[in-house]
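So the structure is just underneath, and the comments pick up after that.
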Amino acid sequence: MEDKLQDEKIRIREWVQLNRERMIEMLSVLIRHDTVNKVISGSEKECQETLGAMMTGLGLETELYEPEQVPGFHEHPAYYPGKDYNGRPNVSAVWKGTGGGKSLLFSGHIDTAAVAPGWQGSPFEPVIRDNKLYGLGAYDMKGGLIASILAVKCLMDLELRLKGDVMIESVVDEEFGGANGTVAGRARGFTADAVIIPEPTNLALYPATRGGALWRVTFRGTTGLSFNGEQIRNPAADAARFILFLETHEVRRAETEGPAPWYSGRKEQLPIIVTRLEAGDLKSPLCDVGPVECHVDIWVECYPGVDEDQLREELLAGYREFCGIEPAKGFVLPEFTRMIRFLPGSEVAADFPLIPLLAGEIESAMGRAAEVTGSPFACDAFVFNEYSDSPALILGPAGGSAHAPDEYVDLDSLAVLIEIYAGAMLRWCGSQAADL
């Protein structure tokens, strides 16, 4: 049996090497489609249709469907209102097994973050330099989607039939706290014994994800020139004090070790990012008095097990302490307004059998021990781990500059990822040939 498994791994690696140009071309096709998430709406349709035709052409049973057409979509407990899904289909594909094996779902998103300023060329025209493929979404996460598709094609071409089903879905609206595309897949009934999300992980395995909140924090005050003795309170000064607190609080949080098992043994900064400041009349050619409101938009991350109320109260309690036991006269706590859904952190049980299986495939493909730890970001894994019976792990390619100019994916890592995925399918879903 061991000799047979080793032979299969050799054949898979050879196939991946022979199909490297196909990998590059398929990924390039997806990058050329503008699928930027526009927060409320999006333009993923043409790319999803292209991807659906691509998977059908490879021999998979494929369908496109719009989230709004899914019964129970709006009623799903993870549904978040206020988005437009007209012309924004999900696409799903199935490679049917022969029966008797466990199923595996690869769930990726087709939408990308906005085009950050500073790209050297067009973000929608892929370019290869130094074995890196540059393009918007190459790393996050069209590369991982292509790896999952080609892993299935690899086993097909090598006539390595599986007992369990393999499913691939490409969902819309994951960026900016979306996740409703993923919710629609669950409402439609696509389930599996395990899920792999091909988010970029640099070939580390993440059984847990952070959570996060994006809030608008509003400070209110009074304005005028005060030469008649009026009491003026500039909310920009309060906002500045709050920002100073956030800097110290981010450092203080890093002094505490994260929760077991996936974040223990290390201390790390959970990002608190000021994403936007807004105050004063921005349409006026000049302002000679202070604003009456100041808005500070912040992104704040947290570990699994922390809910939105707990995270907000942590900030408010820390801010009270920062300002002193007896704050200055007129001190008022700011108002918090949610800008996107709260993304809860989530985790998979430490004894879930896909974890050691995937770690073994990573070690076999890379010749070193796998890094198995909690992710340094939030994503839609919570939809599976909190609202379904399909535990989700995260494993994707290496690269850089996600959500930044000149995003790229490392092509060698993408090829290795295909090998890891194909080996995992054989071991998790069961190989029909192994019974012969």
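The values are calculated or read from the model by the stated rules, or taken from the named source; none is laboratory data. Everything quoted here is computed from the prediction, not taken from an experiment. When we count neighbours, we look across all protein chains shown, and the Cβ atoms used for this are built from the backbone with ideal geometry, even at glycine. These accessible areas exclude ligands, DNA and RNA; they are computed on the full protein's heavy atoms, side chains included. Shrake-Rupley method; radii C 1.70, N 1.55, O 1.52, S 1.80 Å.
The table that follows gives values for the structure above.
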read-out: Of all residues making up the range 96-125, the number that are touching a Gly at 6+ places or on another chain (Cβ under 8 Å), surrounded by fewer than 24 Cβ atoms within 10 Å (Cβ to Cβ) and not basic (Lys, Arg); value: 7
read-out: Residue, nearest to Asp173 (Cα to Cα), within the range 67-77, restricted to residues that are open to solvent by 40 Å² or more (accessible area, probe 1.4 Å) and assigned to a loop (DSSP other than H, G, I, E, B); value: His74
read-out: Answer residue from the range 211-225, given it is in contact with a strand residue (DSSP E or B) (Cβ under 8 Å, 6 or more places away or on another chain) and either of a type in the set (Ser, Thr, Tyr) or open to solvent by 10 Å² or more (accessible area, probe 1.4 Å) (or both) and is farthest from Val274 (Cα to Cα) among those; value: Gly221
read-out: Residue match in the range 86-98 (condition: over 19 Å from Ala151 (Cα atoms), without any contact (Cβ under 8 Å) to a residue 60 or more places away in the chain and in a helix (DSSP H, G or I)); value: no
read-out: Pair list, Cβ < 6 Å and 6+ apart or interchain, from the range 382-401 residues that are touching a residue at least 60 places away in the same chain (Cβ under 8 Å) to residues that are in a loop (DSSP other than H, G, I, E, B) and polar (S, T, N, Q); value: Phe384/Ser390; Ser390/Thr191; Ile394/Thr201; Ile394/Ser375; Leu395/Thr201; Gly396/Thr201; Ala398/Asn202
read-out: Residue tally, condition open to solvent by less than 10 Å² (accessible area, probe 1.4 Å), in contact with a helix residue (DSSP H, G or I) (Cβ under 8 Å, 6 or more places away or on another chain) and either closer than 20 Å to Pro67 by Cα or of a type in the set (S, T, N, Q) (or both), over the range 170-194; value: 10
read-out: Qualifying residues in the range 283-309 (those that are free of Cβ contacts under 8 Å to residues at least 40 places away in the same chain and closer than 30 Å to Ser375 by Cβ) - the one least open to solvent (accessible area, probe 1.4 Å); value: Asp307
read-out: Filter result (open to solvent by 70 Å² or more (accessible area, probe 1.4 Å) and in a helix (DSSP H, G or I)) within the range 39-62; value: Lys45, Glu46, Glu49, Thr56
read-out: Strands (runs of 3 or more DSSP E) contained in the range 310-396 and holding at least 3 residues open to solvent by 30 Å² or more (accessible area, probe 1.4 Å); value: 335-338
read-out: Evaluation of Glu159 against (1) within 12 Å of Asp380 (Cα to Cα); (2) free of Cβ contacts under 8 Å to residues at least 12 places away in the same chain (one fails), failing number; value: (1)
read-out: Some residue of the range 379-389 being over 30 Å from Pro77 (Cα atoms) and in contact with a Lys or Arg (Cβ under 7 Å, 6 or more places away or on another chain); value: no
read-out: Any chance Gln6 is out of contact with any Pro (no Cβ under 9 Å at 6 or more places or on another chain), among the polar types (S, T, N, Q), in a helix (DSSP H, G or I) and free of Cβ contacts under 8 Å to residues at least 12 places away in the same chain; value: yes
read-out: The lone exception for Trp262 - which of (1) open to solvent by less than 50 Å² (accessible area, probe 1.4 Å); (2) at pLDDT below 95 it fails; value: (2)
read-out: Residue list for the range 294-326, filter: closer than 25 Å to Gly212 by Cβ and of a type in the set (Asp, Glu); value: Asp297, Glu301, Asp307, Glu308, Asp309, Glu313, Glu314, Glu321
read-out: Test: residue in the range 414-428 that is open to solvent by 30 Å² or more (accessible area, probe 1.4 Å), within 22 Å of Ile196 (Cα to Cα) and in contact (Cβ under 8 Å) with a residue 60 or more places away in the chain; value: yes
read-out: Strands (runs of 3 or more DSSP E) fully within the range 169-282 counting 3 or more residues that are in contact (Cβ under 8 Å) with a residue 60 or more places away in the chain; value: 194-197, 205-209, 211-220
